[in-house]
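The values are calculated or read from the model by the stated rules, or taken from the named source; none is laboratory data. What you see is a predicted model; the values in this text were computed from it and never measured. So basically every Cβ, Gly included, is an ideal-geometry build from the backbone, and we count neighbours across all protein chains shown. Heavy atoms of the whole protein, side chains included, go into the accessibility calculation; ligands, DNA and RNA do not. Shrake-Rupley method; radii C 1.70, N 1.55, O 1.52, S 1.80 Å.
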Amino acid sequence: MRGLWHLAWLELKVFLREPMGAFGTLAVPALVFFGANLAGTSIAPQRFAGSEFARTGLPVLAATFMTITAVLSLMTIIAIYREGGILKRLRATPLRPLTILMAHVLVKLALTAVTLVVLALAGRRFVALPEGVSMVSFGAALLYATACLLSLGFLLASFVPTARFAQPLGALVLYPMVGVSGLFVPVEAFPPMLQRIAQVLPFTHAVSLMQGIWLGQPWTTHLGDVAALFATAVVCSALASRVFRWE
Amino acid sequence: MSEPTSRRAVIKVDGLRKTYGSLVAVANASFEVLKGEIFGLVGPNGAGKTTTMECVEGVRRADGGTIAVLDLDPLRDAAQLQPRIGVQLQQSHLQKRITVREAMHLWAALYDRPAADGDRLLAQLGLAEKRDAWFMTLSGGQQQRLFIALALVNEPDVVFLDELTTGLDPQARRAIWDLVRGIRERGKTVFLTTHLMEEAERLCDRVAIMDSGRVIDVDTPARLVSRHCPDRLVVVATDAADAAIRFGSIPGVSRVNLVDGRYEIEGQNDDLTTAVIQCVSAHGMRVSDFRAVTPTLEDVFLALTGHSIRD
Ligand SMILES: Nc1ncnc2c1ncn2[C@@H]1O[C@H](COP(=O)(O)OP(=O)(O)OP(=O)(O)O)[C@@H](O)[C@H]1O
Ligand SMILES: [Mg+2]
């Protein structure tokens with residue numbers, strides 16, 4: 001893992017120098033969060049503020065979008081680096097593929113953490129933190145889930161032929177997963193077959209973990225989700241370092 | 001130049017083969033690069049130079065043959081080999097918004113060994129004023145020079161330079177030649193490719209001539225020339241009587257033509273020029289023009305392949 005911190009720090013700086021870099025990361029989850037709030041409160045202020053969705057759905061929805069944004073942007077960056085020959089140049093150095101992955105994971109986690117803090121500060125007026133829930137605990141759940149799912153993005157990035165395909169391919173894989181993750185409809189409401197599929201998809205466990213922590217459940221209730229996400233990270237990283245293409 | 005056979009081979013390539021689908025990029029390449037020499041792989045576009053070099057670097061997987069660099073397998077022993085080599089690829093990029101200084105620092109951080117003096121390298125390569133410029137704002141030649149600097153950051157034992165002076169102006173080209181000679185002075189080995197025969201002739205201790213995926217011959221430029229282009233030509237303009245007879249009796253001269261008042265003296269004698277000068281002075285000839293035409297690697301290539309390198 002030589003060069004990891006150096007590379008991560010550099011990648012963060014390079015990312016922030018991009019015109020849309022910092023803005024893009026912050027904007028999408030913020031738009032989801034404030035957009036839904038604005039729509040909800042302008043239609044039926046009383047009903048919305050007290051609704052189940054405003055109290056539990058919205059924060060988890062915004063958090064899930066942070067994860068998706070991070071994964072898609074990781075895929076895009078790897079694809080751009082491959083297409084541009086940057087990965088090929090790094091190949092002739094002692095850098096390992098996993099070090100490159102880890103560096104980008106660190107950058108994405110840092111940006112996700114910043115987004116969360118900004119949303120938490122700005123969103124205090126709209127959404128009250130439920131009784132007995134700590135923002136730190138929720139943040140930890142978000143970052144853990146994101147870290148594990150980024151390995152999935154890295155694996156997918158190995159199959160993206162060009163940078164142009166990164167976003168569509170990522171969306172094609174991620175959005176159906178999110179659709180059946182229990183974010184919109186509880187998994188228990190699905191037919192048995194779909195439930196079983198949902199159970200093996202990592203996003204289901206990410207959503208379950210974040211929802212649970214937001215609702216004040218202890219981490220011990222979600223050890224299964226934690227383990228499933230960890231397994232995702234291990235399997236995807238192992239596969240990715242085998243099928244990783246430098247060019 | 002010391003006798004090559006007495007030195008150790010740091011790169012051994014035997015029967016290298018690489019195909020892309022049905023296209024045979026390298027059919028059969030065998031050669032050795034000796035410690036402390038500047039070795040050039042020369043040939044026209046598409047000859048297979050880059051493919052060969054990238055297989056040796058471990059950036060590409062060969063389909064056949066064996067490769068050893070510093071007695072290591074470039075792919076299997078990559079972890080041991082990579083710290084000891086420096087690579088400049090023919091085509092590559094860095095992050096658009098990384099600065100020259102940041103790239104140098106990152107590269108230095110990737111290696112265990114003490115890094116080269118980055119500032120000196122940049123100054124030598126004429127990049128000192130560009131230290132804080134983003135990669136995307138560098139000109140093509142400046143990017144090229146940065147990649148050469150990166151290849152040298154870890155003080156490698158073997159340096160690979162693929163088309164090292166492509167896109168550089170004559171001044172930068174000369175500076176890089178000096179830099180490469182400096183690398184050799186420090187006992188390191190340089191393996192480079194070029195399609196400029198002049199560059200190969202002036203810079204390389206030995207060259208391998210490559211065409212259509214094959215290495216046709218390997219030797220010092222001088223020996224390649226005398227082996228494949230033994231014909232020498234000396235042109236002398238003189239009004240001396242019986243010059244034709246005198247030139248014709250020089251040992252090794254095969255033909256003397258009189259063209260536009262100039263004698264074209266052809267022969268296979270490596271010392272033909274000396275012999276003609278001696279003849280001229282021995283007979284006190286008045287000479288108004290004198291020119292020795294020596295074949296170059298360009299001519300060697302033509303003789304070996306039947307086509308010119310630019311075709
Ligand atoms: N990735 C690739 N996929 C398919 N064909 C390739 C690939 N890389 C090279 N080739 C082909 O292999 C042959 C040799 O290419 P190579 O790049 O080794 O030539 P070269 O001698 O370096 O040429 P140049 O002087 O233009 O750099 C060419 O015909 C080229 O089209
Ligand atoms: Mg080439």
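One line per residue, one yes/no per condition, for (1) assigned to a helix (DSSP H, G or I); (2) at pLDDT below 90; (3) of a type in the set (Gly, Ala, Ser):
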residue	(1), (2), (3)
A:Ala140	yes, no, yes
A:Tyr144	yes, no, no
A:Ala147	yes, no, yes
A:Pro161	no, yes, no
A:Val178	yes, no, no
A:Ala198	yes, no, yes
A:Thr204	yes, no, no
A:Ala228	yes, no, yes
A:Arg245	no, yes, no
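Filtered by the rule that a residue be in a helix (DSSP H, G or I), open to solvent by 20 Å² or more (accessible area, probe 1.4 Å) and either in contact (Cβ under 8 Å) with a residue 60 or more places away in the chain or of a type in the set (Val, Ile, Thr) (or both), segment A:123-136 gives a lone residue, A:Val136. Residue pairs whose Cβ atoms lie under 6 Å apart, separated by 6 or more positions or on different chains, with the first residue in segment B:144-166 and farther than 22 Å from B:Glu102 by Cβ and within 13 Å of another protein chain (Cβ to nearest Cβ) and the second open to solvent by 10 Å² or more (accessible area, probe 1.4 Å) and away from ligand 1 (no atom under 16 Å from the Cβ), do not occur. State all residues of segment B:15-24 that are closer than 9 Å to B:Gly64 by Cα and more than 16 Å from ligand 2 (Cβ to nearest atom); if no residue qualifies, say none. Within segment B:15-24, B:Gly15, B:Arg17 qualify.
For B:Ala25, the conditions (1) farther than 19 Å from B:Ala200 by Cβ; (2) more than 14 Å from chain A (Cβ to nearest Cβ); (3) in contact with a helix residue (DSSP H, G or I) (Cβ under 6 Å, 6 or more places away or on another chain); (4) more than 8 Å from ligand 1 (Cβ to nearest atom) are fulfilled apart from (4). Of all residues being open to solvent by 20 Å² or more (accessible area, probe 1.4 Å) and aliphatic (A, V, I, L, M) in segment A:73-84, which is farthest from the chain's Cα centre (by Cα)? Just the residue, please. My answer is A:Ile80.
Which members of segment A:81-138 meet the condition of being among the aromatic types (Phe, Trp, Tyr) and more than 14 Å from chain B (Cβ to nearest Cβ)? Of everything in segment A:81-138, those that are among the aromatic types (Phe, Trp, Tyr) and more than 14 Å from chain B (Cβ to nearest Cβ) turn out to be A:Phe126, A:Phe138.
One residue stands out in segment B:25-61 among those that are within 16 Å of ligand 2 (Cβ to nearest atom) and in a loop (DSSP other than H, G, I, E, B): the one that is nearest to B:Ile85 (Cα to Cα), namely B:Val59. Check segment B:33-50 and report whether any residue there is closer than 22 Å to B:Ile209 by Cβ, of a type in the set (S, T, N, Q), away from ligand 1 (no atom under 16 Å from the Cβ) and modelled with pLDDT of 95 or more. No: zero hits.
Which residues, counting only those in segment B:184-203, are touching a Phe, Trp or Tyr at 6+ places or on another chain (Cβ under 9 Å) and either away from ligand 2 (no atom under 16 Å from the Cβ) or open to solvent by 30 Å² or more (accessible area, probe 1.4 Å) (or both)? The answer is B:Thr189, B:Val190, B:Arg202, B:Leu203. If you go through segment B:120-138, how many residues are surrounded by 13 or more Cβ atoms within 10 Å (Cβ to Cβ) and either away from every other protein chain (no Cβ under 13 Å) or closer than 18 Å to B:Arg186 by Cβ (or both)? Matching residues across segment B:120-138 total 11. Checked against the criterion of being under 23 Å from A:Tyr81 (Cβ atoms), more than 19 Å from the chain's Cα centre (by Cα) and open to solvent by less than 10 Å² (accessible area, probe 1.4 Å), the candidates B:Val87, B:Val59 yield just one match: B:Val59.
Of the set (1) closer than 23 Å to B:Val218 by Cα; (2) surrounded by fewer than 21 Cβ atoms within 10 Å (Cβ to Cβ); (3) within 16 Å of ligand 2 (Cβ to nearest atom), all apply to B:Ala68 but (3).
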